[in-house]
Amino acid sequence: MARESFGSGFGVLVAMAGSAVGLGNLWRFPYLVGTNGGAAFIIIYLAFVLLLALPIMYSEFIIGRRSQANVFGAYKVLAPNTKWCNVGLVYVLASLCIISFYCVVGGWTLDYFWKALTFQFSTPDTALLGNMFNSTVTSSTEPLVFMLLFLLVTALIVMAGIKDGIERYTKVMMPILFVIVIIVAIRSVTLPGAAAGFEFLFRPDFSKVTAKTLVDALGQAFFSLSIGCGTIMTYASYVNKKENIVGLSVETAVADTLFAIIAGLAIMPAVFAFGISPSEGPGLVFITLPYIFGQIPLGAFLAIMFFFMLFIAALTSSISQLEVIVSYLIEEFKLGRKVSILASMAVVVTFGVLCSLSQGLLSHIQILGNNIFDCFDKFSSNILLPVGGFFAVIFVGWKMKKPDFTDEITSGGVHPFKRWFLTYVYFSIKYLAPVVVAVVLVSGLI
Ligand code: TRP
């Protein structure tokens, strides 16, 4: 059977941007900015995207498209009879860990979408909304139901395949996402008192920067751009040999960063306008925003749009996480797509239930001061992803032959780049990215 592929270059871009733009931008980015001192964090984040994330994206792209195989198979094709294929297993594990907590938050977004539809945010009391969030996530039933629903939609899209599933749905969802975030941002920045939010987002205060800021920014760059666990590699394996690897990677990074900034503008000015502390943490989106929506004209309507947006943003990302695992099962175990999805879902649901219950019933289970949910999040974002990304650049920079690198990145000469640019890209893959990842990882662990 012929391998599946994307139908068009635009389809690849929306699928990649769909993977990148997600809860990382809307839920994680604002609270990391909030707890790490605002603009200084953003600047460090941008530096990581440029210096690190792009070389890793190119590398994943090169490995995936050249091999036209799943993450495990890719290393087998390009480095036969070596241990490299084990790196692919790290990616499958990382994807499993990520989707397992991601689907929990995905469930919360659906839950809150429902709450918005039924106008449950009209209370002028943040304490009540805090309680609402608390009782929602700590319940042993409600979040599980929404989590399963979220996974069901994810599975159905992945079931339909690359072109008729992932590409088709992200093409519709991504434009909606951008329109909604812009509408919410316009509302937020035009609130009286919004200026302080701007200042927080754009005036850097480097005195707040610590080693933790660096680790957080690094983890966020990996998480937000979906790098380090083979998502891009997997999508790239469905991309034809003519598409421009550099162009698609840069466009994805720009779309994701732009979206994060607009999301920051949608959230921070409103937070300041209402005198709320930006370091509210993970509750920012689920407590602070509903409060604000309850206070402003047309807020109920904005709330519906916002949580719908959160849901589709999460969905276009979760499908990319699932596809890594599913393509691995299909190709390495010769299973059908449906069976592969069912098998992955069995594991994801089990982990997901544990992550969800760790907010309440199982909150006493702590590892190094983190509940199960935070363990999945931190272990994958701050360790597995950087390690996975590290091996991708090492592979392209040190294992692959330079002519093969040049051939792939120029798409066999279809997209010739200036010599200095290729030299820079190669240098960034071979030296820059590995050194920076290693330094931040090691300093973070210490
Ligand atoms: N990037 C997505 C977000 O910002 C999440 C995501 C999708 C992801 N695929 C990934 C994160 C792979 C890490 C690895 O929400």
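No lab work stands behind these numbers, since they all come straight from the coordinates. All values reported here derive from a predicted model rather than from experimental measurement. Cβ coordinates were reconstructed from backbone atoms using ideal geometry, including for glycine residues, and neighbour counts include every protein chain displayed.
Before moving on, here are some points about what is shown:
- Peptide ranges 388-400, 414-426 listed from the most packed, as the mean C-beta count within 10 angstrom indicates: 388-400, 414-426
- In nm, spacing of pseudo-spin labels at K208 and A300 (7 Å Cα→C-beta vector): 3.5
- Cleavage-rule hits (chymotrypsin sites (Phe, Trp or Tyr not before Pro)) in the stretch 55-144: DSSP loop, at most 14 neighbouring Cβ within 10 angstrom: F119
- Which of I176, I56 has the fewest Cβ neighbours within 10 Å, and the rest in rising order: I176, I56
- Dipole magnitude for the stretch 294-446: computed about the Cα centre from +1 point charges on Lys and Arg Cβ and -1 point charges on Asp and Glu Cβ, it is near 380 debye.
- Using only the C-alpha atoms, the convex hull of the chain corresponds to 135 Å³ per residue.
- Fewest-first sequence of V153, V105, V49 by Cβ atoms within 10 Å of each Cβ: V153, V49, V105
- Remark: spin-label model distance T190-L258 equals 2.2 nm, labels positioned 7 Å along the Cα→Cβ axis.
- Per-selection metrics, the stretch 50-119 (Cα): Rg and Dmax in Å: 17.9, 59
- In units of the rule-of-thumb radius 2.2 N^0.38 Å, the stretch 298-399 shows an alpha carbon radius of gyration of 1.40.
- Estimated from helical segments only, the mean residue ellipticity of the chain at 222 nm is -22000 deg cm²/dmol, where each DSSP H run of four or more residues counts as -39500 (n - 2.57).
- Förster-model FRET efficiency, 35 Å R0, I367 and I43, C-beta, rounded to 0.05: 0.60
- Database remark: amide H of G161 closer than 5 angstrom to the amide H of I166 (H placed geometrically; neighbours at sequence offset of 5 or more, or on other chains; Pro and chain starts carry no H).
- V347 versus S135: modelled label distance in nm, points set 7 Å from Cα along the beta carbon direction: 3.8
- Over 19 Å between alpha carbons, listed pairs K241/K338; K171/K241; K76/K399: K241/K338; K171/K241
- Extension gain from V179 to F427, taking 0.36 nm per residue of separation minus the Cα-Cα distance: 85.5 nm
- Label-reachable residues, the stretch 42-85, where backbone N falls under 17 Å from a point 7 Å from S443's Cα toward its Cβ: 42-53
- Taking V92, V77 and counting other C-beta atoms within 10 Å, the order from fewest to most: V77, V92
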